[in-house]
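Read-outs throughout are calculated quantities, based only on the coordinates presented, and are distinct from any laboratory measurement. If you're wondering where the values come from, they're calculated on a predicted model, not measured in any experiment. Cβ coordinates were reconstructed from backbone atoms using ideal geometry, including for glycine residues, and neighbour counts include every protein chain displayed.
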Amino acid sequence: MTCVAVAQLAVALFAIAPLASARSAAAQQPVAEPDTGSITPAMVEAGRAIFHGRGTCFACHGMKLEGGPVAPTLLAHAWRDAKNGDYKAIIGVVSHGVPGTAMVAYPGGIAKSEVPIVAAYVWSATRGRVKP
């Protein structure tokens, strides 16, 4: 390797080092926890519409979230996949699905931005804040 090539390599490495450091710092920052205090009645109603519409969630979980032969109730129960029925855990199940079950990620092809809205409806209904 010539002196010029070594110098060019050194300049390139020097130039990208701050980028790698910035990516590393961003990866270490904590992810914001979903805030149940930010759930609004409008958000819950939008989630209800998605759950009972395009999300097709009702097909397995029932019109009143009562569950059925394919999927569990989403009312108060001993949660298996969404630990304690926490808002963040419900978001995780809707986002990632549940391997080995009929629960798929982004059911009905809902958008990533709609996941917290559907989760807000389920979370609110589970806690008796709204009727299913």
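Scanning segment 58-97 for residues that are among the charged types (D, E, K, R) and assigned to a helix (DSSP H, G or I) yields 83, 88. Looking across segment 110-128, the residues that are out of contact with any helix residue (DSSP H, G or I) (no Cβ under 7 Å at 6 or more places or on another chain), assigned to a loop (DSSP other than H, G, I, E, B) and in contact (Cβ under 8 Å) with a residue 12 or more places away in the chain come down to 127, 128.
Residues of segment 87-109 that are at negative phi and either touching a residue at least 12 places away in the same chain (Cβ under 8 Å) or in contact with a Cys (Cβ under 6 Å, 6 or more places away or on another chain) (or both): 87, 88, 90, 91, 93, 94, 95, 98, 101, 102, 103, 107. Find the residue count for segment 83-107, including only residues that are more than 12 Å from residue 65 (Cβ to Cβ), crowded, with 16+ Cβ neighbours inside 10 Å and not aliphatic (A, V, I, L, M). Count: 7.
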